[in-house]
Amino acid sequence: MSLEKNILEKSAEILSKYSLCDYCLGRLFAQLGRGLDNNERGYAIKIVLTLQAHLMLLSENPPIREKGLSILKNLAKTGFMPAIEVLKKYGYSTEPIEECYVCKGFISRNIEKLLKKILLLIEEYEYNTFLIGARIPRDIAKREDNIKIAYGLETLSESFKSDLTRILGKRLQQITGKTVDYRKPEVIIIIDLTTDTIKVTSSPIFIYGRYRKYARNIPQNKWLCSKCWGKGCEHCSWTGKKYPTSVEEIVTEPIIKFFKAKKAKFHGAGREDVDVRMLGSGRPFVVEVINPKRRKVDLRRLEEEINAHGEKLVEVSELKYVSRDTVRRIKVFAEYTVKTYRAIVSLSRRVIEEDVQKIETTFKDIIVSQWTPTRVLHRRADKLRKKKVYRISAKKLDDTKLELIIVCQGGLYVKELISGDNGRTKPSISEILETQAICEELDVLDIAEPVKGFM
Ligand SMILES: [Zn+2]
């Protein structure tokens with residue numbers, strides 16, 4: 001603001017052109033003074049202006065009297081009672097009150113209404129912190145900018161939007177005892193004045209755990225029927241799914257119920273095939289709970305509920321609350337873990353004495369080169385992976401079958417390590433035994449953290 005005019009002169013000039021409510025006048029000087037709200041700023045300016053104009057009205061000098069009178073009339077037009085009273089006292093007529101040029105009376109008229117609506121909406125949420133955001137009609141912002149620019153107040157003022165959200169935030173704090181948090185609010189309230197709607201969402205909650213899978217026909221994720229894509233058809237007995245259930249459904253359904261959430265996303269640290277069991281201490285996962293209404297759930301009880309839901313086929317353990325960052329970490333984790341598998345392998349010839357030794361000496365700290373397996377090539381890019389096999393121990397089971405315990409790096413395709421996938425995986429069990437080897441059964445026995453305490 002140019003300093004040649006003081007706040008009062010500037011305000012009188014603005015009010016001679018525009019009728020402004022206390023909020024909208026005060027907001028033009030929002031950066032001045034501390035511990036005040038804009039309503040108080042505007043009100044204070046109007047009081048001092050009324051006193052000054054009243055004093056001018058008492059002057060012997062006609063031009064000064066005229067000026068005082070016009071200031072009082074402009075104040076009266078905004079509905080400012082002290083100015084109206086002065087005019088009345090001296091027998092001057094007043095013009096009808098005009099609504100605020102910028103907000104059209106919105107703030108004084110709607111704050112309490114908005115608060116009531118918000119309180120009703122957030123009642124069902126459990127939260128300690130919140131944040132209010134707003135979308136406001138373009139014409140309000142435009143009118144307010146016109147004044148700021150015309151009077152050089154750009155750096156001293158505050159926008160309608162931030163004032164509105166602050167007023168509401170402050171009132172909401174007083175009523176609910178919760179706190180505004182700009183960085184990580186648990187609940188976000190968006191007021192859209194362009195559509196006259198209020199939307200409340202809560203920030204997601206992340207839960208880490210490990211799952212074990214004891215059955216050979218359960219996929220990790222919900223698997224839609226390939227004929228109807230979830231709509232339901234004869235092919236899938238109207239379930240819309242290829243498999244009746246999945247680890248994802250078993251784990252997330254109780255979570256959605258406990259947290260009164262809208263939905264939940266399952267993020268696994270890698271995945272095993274549908275027909276592969278996940279044993280040992282289990283595979284790490286993180287569930288992202290979306291728009292939860294409850295935030296403090298007893299995870300021991302949740303664990304019991306999930307395990308009951310899993311009917312001894314899927315089981316979870318070690319549930320704990322974690323940060324969003326853990327989702328990324330478990331993806332990285334999957335690449336660097338050491339995994340132990342048990343495979344039942346059948347050969348197309350009889351098992352001979354040297355087989356066990358050949359396998360054990362070849363697969364010792366060796367890098368295996370693997371092109372994307374033929375069976376997943378339809379949905380993954382063809383790319384060469386190099387993964388380490390630390391060791392394999394082999395045992396003859398019967399005439400044509402071997403049991404292998406394979407310790408390798410995460411991300412290695414074990415079925416192809418055995419079959420060789422027509423030379424796309426090298427070396428392979430088929431290749432070194434010079435016969436066709438097929439993986440009959442596969443279990444994940446252990447997934448070890450790359451570094452203790454990684455998760
Ligand atoms: Zn206003």
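The values are calculated or read from the model by the stated rules, or taken from the named source; none is laboratory data. Computed from a predicted model, the values in this text were never measured in an experiment. All Cβ positions, glycine included, derive from the backbone under ideal geometry; neighbour counts span all protein chains shown.
For the stretch 377-423, filtering for residues that are free of Cβ contacts under 8 Å to residues at least 40 places away in the same chain, in contact with a strand residue (DSSP E or B) (Cβ under 7 Å, 6 or more places away or on another chain) and surrounded by 13 or more Cβ atoms within 10 Å (Cβ to Cβ) leaves 9. Can you give me the ranges of the helices (runs of 4 or more DSSP H) entirely in the stretch 351-438 with at least 2 residues that are among the β-branched types (Val, Ile, Thr) and closer than 30 Å to Lys331 by Cβ? In the stretch 351-438, 414-419 are the helices (runs of 4 or more DSSP H) which contain 2 or more residues that are among the β-branched types (Val, Ile, Thr) and closer than 30 Å to Lys331 by Cβ. Please verify whether the stretch 54-69 includes one or more residues that are among the β-branched types (Val, Ile, Thr) and either crowded, with 23+ Cβ neighbours inside 10 Å or farther than 22 Å from Leu153 by Cβ (or both). Checking the stretch 54-69: at least one residue is among the β-branched types (Val, Ile, Thr) and either crowded, with 23+ Cβ neighbours inside 10 Å or farther than 22 Å from Leu153 by Cβ (or both). Being assigned by TED's automatic domain parsing to the domain that holds Leu57, within 14 Å of the ligand (Cβ to nearest atom) and over 35 Å from the mean Cα position of the chain (by Cα), is that true of even one residue in the stretch 144-160? No; the residues of the stretch 144-160 include none that is assigned by TED's automatic domain parsing to the domain that holds Leu57, within 14 Å of the ligand (Cβ to nearest atom) and over 35 Å from the mean Cα position of the chain (by Cα). Listed by position, the strands (runs of 3 or more DSSP E) contained in the stretch 229-329 that have at least 2 residues being β-branched (Val, Ile, Thr) are 277-290, 314-322. Screening the candidates Lys88, Lys116 for the property of being part of a helix (DSSP H, G or I), among the basic types (Lys, Arg) and either touching a Gly at 6+ places or on another chain (Cβ under 9 Å) or closer than 22 Å to Asn39 by Cα (or both) yields one hit, Lys116.
In the set Tyr127, Tyr101, only one residue is within 16 Å of the ligand (Cβ to nearest atom), of a type in the set (Ser, Thr, Tyr) and part of a loop (DSSP other than H, G, I, E, B); that residue is Tyr101. Restricting to the stretch 21-47, what's the tally of residues that are within 17 Å of Glu154 (Cβ to Cβ) and near the ligand (Cβ under 10 Å from one of its atoms)? Number of matching residues: 5.
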